[in-house]
Amino acid sequence: MYKILNGDDSTSALPTARSTTSRSSLVSVPVDDTGYGSWRGTILVALFVRNKLDFINGSSVKPPDSSPLARQWQRCNDLVIYWLTNSLSKDSARSVEYPELAKDIWSELEKKYGQVNAVMVFELPKELAHIS
C-alpha cells in the first residue's frame, strides 16, 4: 500500500511558499515493475492535493519566457519532475529519459508500466471533489 507524504493545501498551481520545497518523494514506496496501478493512483492523488496535476496532464502550458510567470512555472514543473523521479525504484529511474516537461516523463511511465488512461487523469479532480 502506498501512502501520500506531506500534503499541501495550496490553491495555486504556482505556489511560492514551503510547498515547493517539500519532501523528495510523494509516496512511501518507489514504483518498480510491480504495483504500478497502486503507485499511479497514489501519485495522482498526491499531485492533486498539491494542485500540480495539470503539470502531468498537459493542462498547464509553459508561459512565454518573457512572462513574469515563466520562471515560477518552470520551478513547479521541475519540482513535479523531481517528485516523479524520486518516486521510482533505482532500476526504473535508469530506464526513464528525463525530458524538460513533467508531462513527458509521466507519458513515458504510462507507456512503460501501463496503459494511458487519460479519462482518469481528467476525472480524478471531480471524483475527489465528491469525497470532500
(request) Name the single residue, out of those in the stretch 73-103 being among the hydroxyl-bearing types (Ser, Thr, Tyr) and assigned to a loop (DSSP other than H, G, I, E, B), that is nearest to residue 50 (Cα to Cα). (result) 87
(message) Quick check on my filter: what residues within the stretch 28-72 are assigned to a loop (DSSP other than H, G, I, E, B), among the aliphatic types (A, V, I, L, M) and out of contact with any helix residue (DSSP H, G or I) (no Cβ under 8 Å at 6 or more places or on another chain)?
(response) 61, 69
(message) Given the criteria within 24 Å of residue 127 (Cα to Cα), of a type in the set (Val, Ile, Thr) and at pLDDT below 85, does residue 27 qualify?
(response) yes
(request) Kindly indicate the residue of the stretch 91-112 that is more than 12 Å from the chain's Cα centre (by Cα) and at pLDDT 85 or above and also nearest to residue 29 (Cα to Cα) among those meeting that condition. (result) 110
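Return the residues of the stretch 70-90 that are among the small types (Gly, Ala, Ser) and either under 14 Å from the mean Cα position of the chain (by Cα) or at positive phi (or both); say none if nothing qualifies. Before the answer, list the steps.
Looking only at the stretch 70-90, we keep the residues that are among the small types (Gly, Ala, Ser), and these are 70, 87, 89.
The one that is among the small types (Gly, Ala, Ser) and either under 14 Å from the mean Cα position of the chain (by Cα) or at positive phi (or both): 87.
The values are calculated or read from the model by the stated rules, or taken from the named source; none is laboratory data. Because the structure is predicted, anything quoted here is derived from the model rather than measured. Every residue, glycine among them, receives a Cβ derived from its backbone with ideal geometry; neighbour counts consider all protein chains shown.
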